[in-house]
Amino acid sequence: MCKLVVIGASSRPGLQPKHMLRVHYGTDTAAVREAAFAAASVATPDLVTEDGYQPGQLADVVGGTSLFGEHRVSIIDTPTEEMEAELTPLLAAMAASEDTFIIIEGPLAAAAKKRYAKHTTELFEHTAVKAERFNTFALVEPLAHKRKKQLWLLLQQALAAGIAVEEIIGVLWWQLKSIRLAAVTSSAAEAGMKDYPYRKAKQAVAMLPLADAERLSHELLRLYHDGHSGECDLTVALEQWVLTL
């Protein structure tokens with residue numbers, strides 16, 4: 001929830017007025033707020049938040065004037081639905097005012113962006129960059145080549161990235177199953193696999209023979225069931241299993 005409070009007007013001597021309606025919005029909330037306050041160009045802009053909001057307060061802010069005739073800069077911080085009902089009819093007056101109004105929003109739907117765009121071209125979107133999800137299939141090659149140190153380090157990265165231990169076990173078990181199939185078949189079609197993973201699995205057979213792949217598959221499956229029955233800590237057991245490769 002945003003907060004609505006109106007604090008008295010401020011100005012900076014020598015400030016060059018920027019008469020505009022300006023909207024900063026998007027998923028990167030920190031960048032939105034930083035840009036909005038930087039655009040204010042004053043140390044203490046008027047601030048409009050939800051705390052103590054009363055109907056008519058936004059109209060007072062838009063229609064008010066400074067006692068000393070200074071250019072005013074107001075920031076309207078994340079309007080709620082109740083505030084929007086009052087704000088929307090005031091957008092034209094904000095755009096025409098000799099004062100500056102800056103609106104802070106979160107992500108905006110197309111209709112909301114269109115509503116603002118009717119009154120200003122000063123719309124600035126700030127989008128948070130999504131962190132790339134850890135690729136769990138990075139674990140399969142060190143498993144196939146029995147590189148336990150590399151596999152253990154990748155396992156720590158996967159866990160730190162929030163990947164569920166069950167998902168990790170599933171990927172490792174899938175790789176062992178692929179190697180087992182490749183060891184007893186002569187083509188991807190016979191194994192029921194796609195060409196690329198089949199070729200990789202076929203190459204891995206030289207490093208991880210069928211007997212070893214079967215043993216590790218059974219150990220991994222037993223580890224999974226023991227963890228879910230409460231007989232062991234699944235994450236700790238998986239780490240220990242990796243170190244025994």
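On average over all directions, what projected area in square nanometres does the stretch 136-243 have, based on the convex hull of its Cα atoms?
Working: hull surface 25.8 nm².
Projected over every direction and averaged, the Cα hull of the stretch 136-243 covers 6.5 nm².
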- Given a Förster distance of 35 angstrom, what is the FRET efficiency for W174 paired with A110, based on the Cβ-Cβ distance and rounded to 0.05? 0.30
- Per-pair calculated FRET efficiency, R0 = 51 Å: V129 and A206 via Cβ, rounded to 0.05: 0.80
- Query: How big is the gap, in Å, between the Cα center of the stretch 68-134 and the Cα center of the stretch 176-241?
  - Reply: 55 Å
- Lys/Arg Cβ at +1, Asp/Glu Cβ at -1, dipole of the stretch 136-243 taken about the Cα centre: which of H218, G192, T235 is farthest positive-ward? G192
- Item | Percent RCO, i.e. relative contact order, over the chain, from Cα pairs under 8 Å lying at least 6 residues apart | 20 percent
- Message: If I histogram all Cα-Cα distances within the stretch 20-125 using bins 5 Å wide from 0, what percent of pairs lands in each bin?
- Response: 2, 12, 26, 26, 22, 10, 2, 0
- Item | Neighbour-count order for S178, S41, S229, S187, fewest beta carbons within 10 angstrom listed first | S229, S187, S41, S178
- Task: Multiply the residue separation of K118 and L221 by 0.36 nm, subtract the distance between their alpha-carbon atoms, and state the gained length in nm to one decimal.
- Result: 31.0 nm
- Item | Rounded to 5, percent antiparallel among DSSP beta bridges of the chain | 5 percent
- Task: With N set to the residue count of the chain, report its C-alpha Rg divided by 2.2 N^0.38 Å to two decimal places.
- Result: 1.70
- Task: With only Lys, Arg, Asp and Glu charged, each at its Cβ (+1 for the first two, -1 for the last two), find how big the charge dipole of the chain is about the Cα centre; round to the nearest 20 debye.
- Result: 1340 debye
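Just to verify a number: FRET efficiency for A138 and A30, C-beta to C-beta distance, R0 = 25 Å, to 0.05?
The formula returns an efficiency of 0.25 here.
Since every read-out is calculated from the coordinates, none of them should be taken as a lab result. All values derive from a computational prediction rather than experimental measurement. Every residue, glycine among them, receives a Cβ derived from its backbone with ideal geometry; neighbour counts consider all protein chains shown.
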